[in-house]
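Novice: First the structure, then my questions, so here it is.
Read-outs: derived from the displayed coordinates by stated rules, not from any lab. Keep in mind it's a predicted model, so treat the numbers as computed, not measured. Methodologically, a virtual Cβ is constructed for each residue, glycine included, from the backbone with ideal geometry; neighbour enumeration extends over all protein chains shown.
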Amino acid sequence: MSIYKPLETPTSVRLIELLGSTKADSPLRCRIHHADLDDSPAYYALSYVWGDESNPGAIYCDGIPLPITRSLAAALRHLRLPGKALVVWADAICINQNDTTGEKEAQITLMGRVYSQAAEVLVWLGEESALEDPKAAFECAQQLWDRLASRFDDFKTWRVQYKPAEDIPDLTKVDNIVHDMDAINRHFSIPPAGSPGYEALDRLLQLPWFTRAWTFQESFLAAGRRFVLGGRSIDGEVMMLVVETLIILGRKTGRSYFTAVGNTWSLCSMVSGQQPMRAAFRDSLIGLLSLRRGAACKLPSDLVYSLLGIHGESSAICVEYNKPFGQVFGEAILEHIRNSGSLSVLGQVDVATSDPSTASVPSWVPDWRKVSSHHLFSRVHYALEDQLYSCTGSSKVRLLRPTEATELHITGVEFDKVIAIIPRETLDFELVFSQFRSLLNKDGLYEPTGEVPHVVGMRTKCADLDISLFDKEVGAKRLGSDLQLLTELMFSGDKSTAVGLHSKFRIMSQDTRPIVTRDSKFGLAPLGVREGDVVCLMLGGEVPLLLRPSVGGPEGKYTFVGECYLHGFMDGEGLVVSRSRMCSLYDKAETAWLHRLHEPQPFPFVTAEFCIR
């Protein structure tokens, strides 16, 4: 006999009345009733990790036993009240899990409303035995709240006092700078650096709930949240302050156990769900996917579906579990490309680890199951609204035909080809340019820009980006004419500044290799680049794209290799060259048309169709 009756309306959900008990080991019992979200029913929503599904527990729903995971059973035992019913929404009970293509898909589309309309979201982190020294974690959390809640603005802006550091012999070793945590402790009366509470809190924040895909939306949308660990609990505002405090302490002191909380921006958003954060993400499914890539879930498609409630009703993506997850990922990318007219989202592809021959997703689709390494060129990675580059002017993407999210058909220009790859260890740009004399004109200057090799090398090494971008406190800024200042800083007596610059250069270059092209251009490409890869300027592309022609396959088919940087050709210069190839009388100094390429008019250069698989 089934406990489930058909739901009456598209906005109907089931709620359970969890019956109270004074005995901890008494069977779990509940009554199920239907409610319409449009009527604003009163209830709590449970957020938890399913955990091991073998050896299930049970709850009696209207007298009928229903198997549930041990994790859910433990949560309900701790949450039920003595002698009083508690109205709760819990997915494993309130959704018919056996109806995977009907009710389940429809109910998933309501999940955002379920959690945002709940009186409070009860976050079940597990039994106290899941955490070593839970008492220390909760006492430290309360101490931080008591000492910092009224002084948090002062705490965030307070400048760290540094102990005198000895001479730094190696400018690349940032660890030689000694930070003074004791000064922070004295000023704010918070627990000292060696307190076991900090490590206990760090372990708390690494419990499985913080890593799961669905739990992000469940907490992010909550009007209020309470975190429960066995018989202990902590208010959402306290947890938010704790997370922000640990992150700030990590930045101020450099102590590793303050920064072992994973993706700090994701964690902060998950725990707080503050309105500014909601506004920042609601219109960007790709931003959410980038933030949450690598989150744990049983079905990869849930990496997308678990965020639709935050993204709002603007998404055209439908929950369909019979689709391959690679197609679901591709649909998210295509929707973004159509809406934005830009190919910047391709910067989310983790080209350093992808293997097109064995990939479960097309080469142009990010595999959201994997935590991506930092990518050099994508402004999506930096969460910036402004473009960093404009290699194809103001043009917009032209998707040439309908697709099932397995192939990307776009328009562009084949501009150049990679003929040499420089080892990453090579830092002597004078030597590089002496080996590739074709890069320089008769005066020894880089032909496209008229710069000396040292300047070209320095600007290319950091993709012509202001290194302060890595602080994420400024907008997009190209290095350009600031190179002289940068060089002075690099060779000045300010060792702490030089250490920071060397460190940031190392971060920027770790996933790239310098390249030389057939037409004597110098640039940066992903580690997977090969000789023979084609440099293309695709309409709607902010940076040049590297494509690899299919070997032995149909002509015009390509594999996506990654974004690249081509010095002197990041602001439309490549399209100017393409136009001059068509018309020898064209005046290259006239470039105003680059800013009108988004308008519906014929292009002054020849384009071709590219099919990327």
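Novice: In which sequence would Thr245, Thr607 go, from the one with the fewest C-beta neighbours within 10 Å to the one with the most?
Specialist: Thr607, Thr245
Novice: On to the next question. Lys and Arg at +1, Asp and Glu at -1: add these up for the other residues within a Cβ distance under 15 Å of Leu18 and post the number.
Specialist: After counting each charged neighbour, the total is +3.
Novice: Further question on the same structure: Taking loop as defined by DSSP and a crowding limit of 14 other beta carbons within 10 Å, which chymotrypsin sites (Phe, Trp or Tyr not before Pro) in the stretch 76-150 fit?
Specialist: none
Novice: Count neighbours as other Cβ atoms within 10 Å of each site's Cβ, and list the GluC sites (Glu not before Pro) in the stretch 1-109 that are DSSP loop with at most 15 such neighbours.
Specialist: When the GluC sites (Glu not before Pro) of the stretch 1-109 are filtered for loop state and at most 15 Cβ neighbours within 10 Å, Glu8, Glu53 remain.
Novice: Continuing with this model, one more query. For Trp265, Trp50, which order do you get if you count the other beta carbons within 10 Å of each Cβ and list the fewest first?
Specialist: Trp265, Trp50
Novice: Which one of Ser550, Pro602, Thr591 is farthest out on the positive end of the charge dipole of the stretch 525-613, using unit charges on Cβ (Lys, Arg +1; Asp, Glu -1) and the Cα centre as origin?
Specialist: In the stretch 525-613, that residue is Ser550.
Novice: Something else: Looking at the stretch 531-613, which GluC sites (Glu not before Pro) are in a loop (DSSP not H, G, I, E or B) and have at most 10 other Cβ atoms within 10 Å?
Specialist: Of the GluC sites (Glu not before Pro), the ones in loops of the stretch 531-613 whose Cβ has at most 10 other Cβ atoms within 10 Å are Glu555, Glu590.
Novice: Taking the number of other C-beta atoms within 10 Å as the exposure measure, put Ser233, Ser360, Ser344 in order starting with the fewest.
Specialist: The fewest-first ordering by Cβ neighbours comes to Ser360, Ser233, Ser344.
Novice: Over 21 Å between Cα atoms: which of Lys521/Lys588; Lys23/Lys84; Lys5/Lys323; Lys84/Lys104 fall into that group?
Specialist: Table pairs above 21 Å Cα-Cα are Lys5/Lys323; Lys84/Lys104.
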